[in-house]
1. If packing is taken as the average count of other Cβ atoms within 10 Å, what order do A:184-192, A:203-211 fall into, highest mean first?
2. Quick check: convex hull over the Cα atoms of region A:106-234, volume per residue in Å³, rounded to an integer?
3. Please compute, for the alpha-carbon atoms of region A:84-153, the extent along each of the three principal axes and give them in descending order in Å.
4. Calculate how steeply helix A:198-218 sits against the longest principal axis of the alpha-carbon atoms of chain A, using the helix alpha-carbon long axis, and give the answer as 0 to 90 degrees to the nearest 10.
5. Over the Cα atoms of chain A, compute the convex hull volume and normalise it per residue, giving Å³.
6. Which of A:W59, A:W82 has the fewest other C-beta atoms within 10 Å, and how do the rest follow up to the most?
7. At 4 °C and 1.567 mPa s, grab the translational diffusion coefficient of region A:120-172 from Stokes-Einstein with a Kirkwood Rh over Cα pairs, rounded to a whole number in µm² per second.
8. Which pairs, out of A:K132/A:K225; A:K216/B:K5; A:K147/B:K5; A:K132/A:K234, put more than 28 Å between their alpha-carbon atoms?
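Please treat every number below as a calculation from the coordinates, not as lab data. Bear in mind that the values here come from a model prediction, so they are computed numbers and not experimental data. Glycine gets a Cβ as well: all are built from the backbone with ideal geometry, and neighbour counts include every protein chain shown.
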Amino acid sequence: GVLPHKKAPGDNQVVSLLLLAEPEAILAMADPTVPDSDIKALTTLCDLADRELVVNIGWAKHIPGFPSLSLADQMSLLQSGWMEILILRVVFRSLALDERLAYAEDYVMDHDQSKMAGLLDLNNAILQLVKKYKSVSLDREEFVLLKAIALVNSDSAPHEDSEAVQHLQDVLQGALQDYEAARHAQDPRRAGKLIMSLPLLRQTAARAVQHFCGIKRDGRVPMHKLFLELLEAK
Amino acid sequence: TERHKILHRLLQDSNDSPTPA
């Protein structure tokens with residue numbers, strides 16, 4: 001008899017597609033002619049966030065199954081999940097660092113810089129996530145899966161086609177389960193552990209949105225339109 | 001959709017230039 005085709009361990013098509021879709025790193029390019037201040041730091045971060053959002057919307061369109069959702073459902077997921085995506089990217093870039101956050105390769109914030117920008121509490125909350133993922137040695141495959149799962153799980157409001165959204169959630173969660181079964185078979189609870197980190201991500205993202213809404217109301221930091229549009233969506 | 005026109009546009013095309021200030 002002919003044996004059915006057996007996939008190699010870890011041969012996970014969803015993971016491969018997500019790894020391929022991963023955006024290139026973006027540089028913050030803080031203006032070297034402007035002296036350091038809270039306004040300069042926040043202006044740099046808001047500009048970086050706007051450019052990150054553009055590439056992350058492009059990225060979302062490469063999540064297998066996402067473009068098949070209705071436009072309204074794609075929009076509502078991004079309107080709820082965008083900050084979780086931005087924060088998870090900062091967290092993953094910061095895993096190799098000690099008590100510092102890599103907002104970009106050329107923009108790493110330490111305690112003093114966070115304090116100057118008025119971001120100490122928020123950055124400390126993000127560092128909690130870094131600590132959590134460091135403790136499990138989160139790998140790149142898990143990072144891309146978690147990011148996609150965070151997005152498709154981000155909206156609790158009714159969807160136009162809730163079955164399609166549920167199906168996408170199932171596909172991505174299944175891909176994480178399969179990946180863990182193949183790559184981390186010694187820890188059968190690893191997928192669950194990673195999923196259980198998502199409430200802290202959501203809580204931190206809500207805090208970040210609240211903080212930047214305050215900065216927006218304050219009106220001293222220029223913000224680009226997409227960033228403003230998504231802050232307003234919250 | 002009217003309130004979220006940039007997101008709407010970006011989802012519909014593959015434009016990845018920065019958004020206007």
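1. Listed from highest to lowest mean packing, they are A:203-211, A:184-192.
2. Numbers: hull volume 17.5 nm³, N = 129.
Given the Cα convex hull of region A:106-234, per-residue volume reads 135 Å³.
3. 34, 22, 21 Å, listed from the longest principal axis down.
4. Approximately 30 degrees, to the nearest ten.
5. 130 Å³
6. Result, fewest neighbours first: A:W59, A:W82.
7. Details: Rh = 13.0 Å.
Stokes-Einstein gives a translational diffusion coefficient of 100 µm²/s.
8. Details: A:K132/A:K225 33 Å; A:K216/B:K5 19 Å; A:K147/B:K5 24 Å; A:K132/A:K234 26 Å.
Result: A:K132/A:K225 exceed 28 Å.
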